[in-house]
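The values are calculated or read from the model by the stated rules, or taken from the named source; none is laboratory data. The model shown is predicted, which means the values in this text are computed figures rather than measured ones. Every residue, glycine among them, receives a Cβ derived from its backbone with ideal geometry; neighbour counts consider all protein chains shown.
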Amino acid sequence: MNKFKQVKDSIIKIDGIDKIILNQLMKDARTPILSIAREIGISGAAIHQRLRKLEASGLIAGSKFVINPKTLGFKTLAFVGIFLDSSSKYKEAVKRLKEIDEVTESHYTTGNYAIFVKILCKDNEHLMQVLNHQIQNIKGVARTETFISLDQQIDRQMKI
């Protein structure tokens, strides 16, 4: 299931005030609404109303706290391309991948891989265990190709 609310092929139109509100909250979701209201020159109630409208439209998919996995000992980030022996195994493979806590993202892709996943592990040995004993044991997985991230330089949302 897609984490973004589906809106019938419509493109959401936002104005300058919406952009200011969204940009402030994308920088820091804990920014007080009244602080944004003072900056823009409208009431806090008007901002809440705009946010409810944007959420109902599907533009805002939610808010969350972001945990730094390294502080919990998860120092190895890897991307794994998964080759399936048959495309009919896709749904069952994804069902099994959801059961693996270390898998944090899964994408059905074009190109060489049927599935491309993001994995967080404590170290390379932990990664090897997840690959060898969990992912590669999923029925329908023919083989995998793993890319270990050495450094992440960009982590941002799209500009609005």
From A114, A142, which residue is in contact (Cβ under 8 Å) with a residue 40 or more places away in the chain and not polar (S, T, N, Q)? A142
The one condition in (1) farther than 30 Å from D123 by Cα; (2) in contact (Cβ under 8 Å) with a residue 12 or more places away in the chain; (3) surrounded by fewer than 12 Cβ atoms within 10 Å (Cβ to Cβ); (4) not hydrophobic (A, V, I, L, M, F, W, C) that S63 fails to fulfil: (1)
Among the numbered criteria (1) at pLDDT 95 or above; (2) assigned to a loop (DSSP other than H, G, I, E, B), which single criterion is violated by S106? (2)
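Quick grid of which residues meet (1) out of contact with any Leu (no Cβ under 8 Å at 6 or more places or on another chain); (2) assigned to a loop (DSSP other than H, G, I, E, B):
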position: Y113; (1), (2): yes, yes
position: K118; (1), (2): no, no
position: L127; (1), (2): yes, no
position: T144; (1), (2): no, no
position: F147; (1), (2): yes, no
position: I154; (1), (2): yes, yes
position: K159; (1), (2): yes, yes
The one condition T71 fails out of (1) outside any helix (DSSP H, G or I); (2) polar (S, T, N, Q); (3) under 21 Å from the mean Cα position of the chain (by Cα) is (1)
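Residue-by-condition table, conditions (1) at pLDDT 95 or above; (2) surrounded by 14 or more Cβ atoms within 10 Å (Cβ to Cβ); (3) in a loop (DSSP other than H, G, I, E, B); (4) not assigned by TED's automatic domain parsing to the domain that holds E145:
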site: Q6; (1), (2), (3), (4): no, no, yes, yes
site: I11; (1), (2), (3), (4): no, no, yes, yes
site: R30; (1), (2), (3), (4): no, no, yes, yes
site: S35; (1), (2), (3), (4): yes, no, no, yes
site: A78; (1), (2), (3), (4): yes, yes, no, no
site: R96; (1), (2), (3), (4): yes, yes, no, no
Name the single residue, out of those in the range 129-141 being assigned to a loop (DSSP other than H, G, I, E, B) and within 24 Å of the chain's Cα centre (by Cα), that is surrounded by the fewest Cβ atoms within 10 Å (Cβ to Cβ). Q134
Given the conditions (1) out of contact with any helix residue (DSSP H, G or I) (no Cβ under 7 Å at 6 or more places or on another chain); (2) in contact (Cβ under 8 Å) with a residue 40 or more places away in the chain; (3) outside the structural domain of K75 (by TED's automatic domain parsing), which single one is not true for I160? (1)
Given (1) over 30 Å from I12 (Cβ atoms); (2) touching a strand residue (DSSP E or B) at 6+ places or on another chain (Cβ under 6 Å), index of the condition N137 fails: (2)
